[in-house]
Ligand code: 13P
Ligand code: SF4
């Protein structure tokens, strides 16, 4: 079967919008009506008025879309869970909070911020505590604003993002459970990480700098602080795209982020900061066949519960508050 042709046909017949994150496989990405980073996708899905949203990304993105658009039907060809989002649930959140309390810091002196790469339940817990969601493209702004409260930030789940933004704001950070003094820190980080961005290391930066003198190094803030410190540019997915596309054609650049995205940026002089192919395994799960099957299920009125995102009312209420605080800032 020619999945591409069938998908285009079904898309023209149905009241559906096809959404894809930049990390999706090329063949899926090419067919999407809406493409973007996690923040852009969250905003653009609000703006569209289709009944069905077929979302090619990872679970937390589909959940956020549902929370912000409760009347739309959000379907995911694969409900694949981001490895980082899977590192925290409400139980781990409470456990960490307890450790922070044991260090003498009271809940009323803490403002939680959750990276959008977290489950709806974690976002809801953060919302209940007066906290807010952020993405890598607005984390700087959100953290800066949150600090005006005079409280310590409890940043979940990405340790690296918390540490990197603390550095860029000249603030102190500490990680729960690693023995560092939480009282000294402005930003207390949960000890989660991205299994893809964790692969990039400073030895590969040294290798590329030696091999191609003058090469620029651009990385995502989910990389380890040691890697970010050695880079010429640290930016979110959309910031990296802009930075790389605006470079002179003969400027070499090596990039520390997901492979599919980097691979389609520029024809020449663009390298990946790894000797392997750092694809996000969960983003990569979605294939054209899965997209076709999902569209076909809409047409046949046989949508599988395995593909549809549903979030309970109480979770929607509190997670939406945390997401809306982000949009307000
Ligand atoms: P963006 O918010 O930049 O789209 O990143 C999402 C993500 O999962 C990065 O690994
Ligand atoms: Fe999650 Fe990392 Fe994949 Fe992004 S690249 S979706 S943080 S596992």
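The values are calculated or read from the model by the stated rules, or taken from the named source; none is laboratory data. Quantities reported herein were computed from a predicted structural model and do not represent experimental measurements. Because the Cβ atoms are built from the backbone with ideal geometry, glycine has one as well, and the counts that use them run over all protein chains shown.
Here are some conditions: (1) within 20 Å of residue 138 (Cα to Cα); (2) crowded, with 20+ Cβ neighbours inside 10 Å; (3) out of contact with any helix residue (DSSP H, G or I) (no Cβ under 7 Å at 6 or more places or on another chain). Residue 47 meets all but one. Which one does it not meet?
(2)
Among the residues of region 46-63, write down those that are over 22 Å from residue 296 (Cβ atoms) and away from ligand 1 (no atom under 13 Å from the Cβ).
46, 47, 49, 63 - these are the residues of region 46-63 that are over 22 Å from residue 296 (Cβ atoms) and away from ligand 1 (no atom under 13 Å from the Cβ).
Identify all residues within region 228-267 that are out of contact with any helix residue (DSSP H, G or I) (no Cβ under 9 Å at 6 or more places or on another chain) and away from ligand 1 (no atom under 14 Å from the Cβ); write none if there are none.
232, 245, 246, 247, 248, 249, 250, 251, 267
Does residue 210 meet the test of being assigned to a helix (DSSP H, G or I), without any contact (Cβ under 8 Å) to a residue 12 or more places away in the chain and more than 16 Å from ligand 2 (Cβ to nearest atom)? Step through it out loud before you land on a result.
On the way: assigned to a helix (DSSP H, G or I): yes; without any contact (Cβ under 8 Å) to a residue 12 or more places away in the chain: yes; more than 16 Å from ligand 2 (Cβ to nearest atom): yes.
So residue 210 fits the description; yes.
Show the residue pairs meeting these rules: Cβ distance below 8 Å; 6+ apart or different chains; first residue within region 183-198 and within 15 Å of residue 99 (Cβ to Cβ); second residue within 11 Å of ligand 1 (Cβ to nearest atom).
189/158; 190/158; 192/84; 192/158
Name the single residue that is farthest from ligand 2 (Cβ to nearest atom) among those in region 272-302 being surrounded by 16 or more Cβ atoms within 10 Å (Cβ to Cβ) and assigned to a loop (DSSP other than H, G, I, E, B).
Here the residue is 287.
Exactly one of (1) part of a loop (DSSP other than H, G, I, E, B); (2) modelled with pLDDT under 95 is unmet by residue 24. Its number?
(2)
For residue 42, indicate whether it is at pLDDT 95 or above, within 13 Å of ligand 1 (Cβ to nearest atom), within 21 Å of the chain's Cα centre (by Cα) and within 29 Å of residue 240 (Cα to Cα). So that I can check it myself, show each step before the final result.
Details: at pLDDT 95 or above: no; within 13 Å of ligand 1 (Cβ to nearest atom): yes; within 21 Å of the chain's Cα centre (by Cα): yes; within 29 Å of residue 240 (Cα to Cα): yes.
Against the criterion (at pLDDT 95 or above, within 13 Å of ligand 1 (Cβ to nearest atom), within 21 Å of the chain's Cα centre (by Cα) and within 29 Å of residue 240 (Cα to Cα)), residue 42 does not qualify.
Return the total of residues in region 209-227 being surrounded by 17 or more Cβ atoms within 10 Å (Cβ to Cβ) and out of contact with any helix residue (DSSP H, G or I) (no Cβ under 7 Å at 6 or more places or on another chain).
The initial filter retains those residues of region 209-227 that are surrounded by 17 or more Cβ atoms within 10 Å (Cβ to Cβ), namely 215-225, 227.
Imposing the further condition that a residue be out of contact with any helix residue (DSSP H, G or I) (no Cβ under 7 Å at 6 or more places or on another chain) reduces the set to 216.
Counting residues in region 209-227 that are surrounded by 17 or more Cβ atoms within 10 Å (Cβ to Cβ) and out of contact with any helix residue (DSSP H, G or I) (no Cβ under 7 Å at 6 or more places or on another chain) gives 1.
Does residue 18 satisfy being away from ligand 1 (no atom under 16 Å from the Cβ), more than 15 Å from the chain's Cα centre (by Cα) and crowded, with 19+ Cβ neighbours inside 10 Å? Steps first, please.
Values: away from ligand 1 (no atom under 16 Å from the Cβ): yes; more than 15 Å from the chain's Cα centre (by Cα): yes; crowded, with 19+ Cβ neighbours inside 10 Å: yes.
It is true that residue 18 is away from ligand 1 (no atom under 16 Å from the Cβ), more than 15 Å from the chain's Cα centre (by Cα) and crowded, with 19+ Cβ neighbours inside 10 Å.
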